[in-house]
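Asker: The structure's right below; bear with me while I get my questions together.
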Amino acid sequence: MSGKRFEWVDSLRGVAMIAIICGHPAANPGMLSSLCYSFHVPLFFMISGALFHAEKYRKFIDCLKKYFASLLLPYFLLYSVNIPLWYINWRVIGDSSSSGDSILAGLYYANQLLKPMANGALWFLPTLFLTTVATWLVYRVIEKDEEGRLNPLVVALVCLCVGCFLKICDIKTLPWTLNAVPLCMFFFLFGGGLMPHAIKLSNSMASAPRNQKLRIAVLGMVVILLGFTVAMYSVRISGENVSLMRNDIGLPPIGLMAAVVISSGIAMVLIASPTCQALRWFGSNTLGSLAFHVPVMRFIENSLNNIFDISPQPVLVALVVIALMFPVNWLMNRYTPVLTGKTRISFN
């Protein structure tokens, strides 16, 4: 089962990436931003947890090697490529006062709340690395629990409580977003716990009649609507979106529960719907989009603002950037696969 690739998972990742892009225009409308932030990064962590198989790595060093090659090495390479793009966007056509030294420091802090980064979206990769290796350790502890007192969902709830406690105590942000790792682990572990149920639904939909698929898709849409309603209530009461980089969780723990509900509803719709090959391809190449959607977006916005004196329309900018990410990812896959961790590298 672990070796099978599910098309709906790629599509789900594509939806999450589109939501991230739609949430990042500088002049984003409040409602659109709140809707996107309510689930996009949590969904990415849930997908990563759903696809994680701790049993593949018998030793901790094996897990470190694997995720250093697929997450940390691309982070350092992609950040380096983003430095000249930052210079063009913010020194040539923009008005940033950040120094080159502070941008280099941002490479190591991996948290733009501490130091300005060449591309703030790249914080996700080191944090995902920490979350993944920490989860591997959790699974080893569970594996050794002979009395069966622990399971991934119990640990996920513990992580949720720790994350909420850190937020309530106003623990300041840390390098590599260490303070947000407990909440990231909650979504990661929860995604792993939901995956068997999603696979069961996927298998049943493979041979289900059209009307049954339609019922599941409609139910998924209702679940999404319910999740968005709860998320907007959380934002209205707390004044915060769910932003794992900032360890902002909306109204604890309602904001986080809304993210789970929305993500589950989207998965239901995609499992029951025909595969969109464009969305699936987009979702199977998200690292390039993560790395370059921000500099491309800022180039468009700064050019319109500072050169043509035109106020950029955020929705239109987001749609243009989404379209541009298709050729960007194609070029990276063809000419620079090492940037996205797709070139096999041995550390033995």
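The values are calculated or read from the model by the stated rules, or taken from the named source; none is laboratory data. Please read these numbers as outputs of a predicted model, since none were measured by experiment. All Cβ positions, glycine included, derive from the backbone under ideal geometry; neighbour counts span all protein chains shown. The protein model used for the area step is the full one, side chains on, heavy atoms only, and it has no ligands, DNA or RNA in it. Shrake-Rupley method; radii C 1.70, N 1.55, O 1.52, S 1.80 Å.
Asker: Which residues, counting only those in segment 269-299, are assigned to a loop (DSSP other than H, G, I, E, B), closer than 26 Å to Leu219 by Cβ, in contact (Cβ under 8 Å) with a residue 12 or more places away in the chain and not hydroxyl-bearing (Ser, Thr, Tyr)?
Answerer: Cys276
Asker: Moving on. Val338 - would you say it is within 14 Å of Cys22 (Cβ to Cβ), assigned to a helix (DSSP H, G or I) and more than 20 Å from the chain's Cα centre (by Cα)?
Answerer: no
Asker: Among (1) within 21 Å of Ala54 (Cα to Cα); (2) of a type in the set (S, T, N, Q); (3) at pLDDT 90 or above, where does Asn179 come up short?
Answerer: Every condition holds for Asn179 apart from (1).
Asker: Name the single residue, out of those in segment 177-211 being among the polar types (S, T, N, Q) and touching a residue at least 24 places away in the same chain (Cβ under 8 Å), that is surrounded by the most Cβ atoms within 10 Å (Cβ to Cβ).
Answerer: Result: Thr177.
Asker: Can you confirm whether Ser38 is crowded, with 23+ Cβ neighbours inside 10 Å and over 24 Å from Asn329 (Cα atoms)?
Answerer: In short, yes.
Asker: Kindly list the number of the only condition in (1) more than 23 Å from Ile254 (Cα to Cα); (2) part of a helix (DSSP H, G or I) that fails for Val230.
Answerer: It fails just one condition, (1).
Asker: Let me confirm something: among Leu43, Leu32, which residue is under 17 Å from Gln313 (Cα atoms) and not polar (S, T, N, Q)?
Answerer: On inspection, the qualifying residue turns out to be Leu32.
Asker: Taking segment 56-75 as the region of interest, how many residues are in a helix (DSSP H, G or I), free of Cβ contacts under 8 Å to residues at least 60 places away in the same chain and over 18 Å from the mean Cα position of the chain (by Cα)?
Answerer: 4
Asker: Output the qualifying pairs, or none if there are none: Cβ atoms under 7 angstrom, residues six or more apart or on different chains, first residue in segment 302-323 and over 20 Å from Leu279 (Cβ atoms), second residue at pLDDT 90 or above and polar (S, T, N, Q).
Answerer: That search, which allows pairs on different chains as well, returns Asn302/Asn89; Pro312/Asn305.
Asker: Listed residues Leu290, Leu319; which is open to solvent by 70 Å² or more (accessible area, probe 1.4 Å) and either modelled with pLDDT of 95 or more or not β-branched (Val, Ile, Thr) (or both)?
Answerer: Leu319
Asker: Name the residue, out of Arg236, Arg246, that is outside any helix (DSSP H, G or I), open to solvent by 30 Å² or more (accessible area, probe 1.4 Å) and closer than 30 Å to Leu114 by Cα.
Answerer: Just a single option satisfies the conditions, and that option is Arg246.
Asker: Take the conditions part of a loop (DSSP other than H, G, I, E, B) and either surrounded by fewer than 17 Cβ atoms within 10 Å (Cβ to Cβ) or out of contact with any Lys or Arg (no Cβ under 6 Å at 6 or more places or on another chain) (or both) and apply them to Pro116. Does it pass?
Answerer: yes
Asker: For the structure I just gave you, tell me whether Pro84 is under 26 Å from Pro253 (Cα atoms) and either open to solvent by less than 10 Å² (accessible area, probe 1.4 Å) or in a helix (DSSP H, G or I) (or both).
Answerer: The answer is no for Pro84.
Asker: Scan segment 160-187 for residues that are small (Gly, Ala, Ser) and closer than 17 Å to Ala258 by Cβ and report the count.
Answerer: Matching residues across segment 160-187 total 1.
Asker: Being exposed (fewer than 13 other Cβ atoms within 10 Å of the Cβ), closer than 25 Å to Ala19 by Cβ and free of Cβ contacts under 8 Å to residues at least 60 places away in the same chain, is that true of even one residue in segment 161-171?
Answerer: Looking through segment 161-171, none of the residues is exposed (fewer than 13 other Cβ atoms within 10 Å of the Cβ), closer than 25 Å to Ala19 by Cβ and free of Cβ contacts under 8 Å to residues at least 60 places away in the same chain.
Asker: Checking Pro25 against (1) within 30 Å of Gln313 (Cα to Cα); (2) of a type outside the set (Gly, Ala, Ser); (3) open to solvent by 20 Å² or more (accessible area, probe 1.4 Å); (4) assigned to a loop (DSSP other than H, G, I, E, B), only one condition comes out false. Which one?
Answerer: (3)
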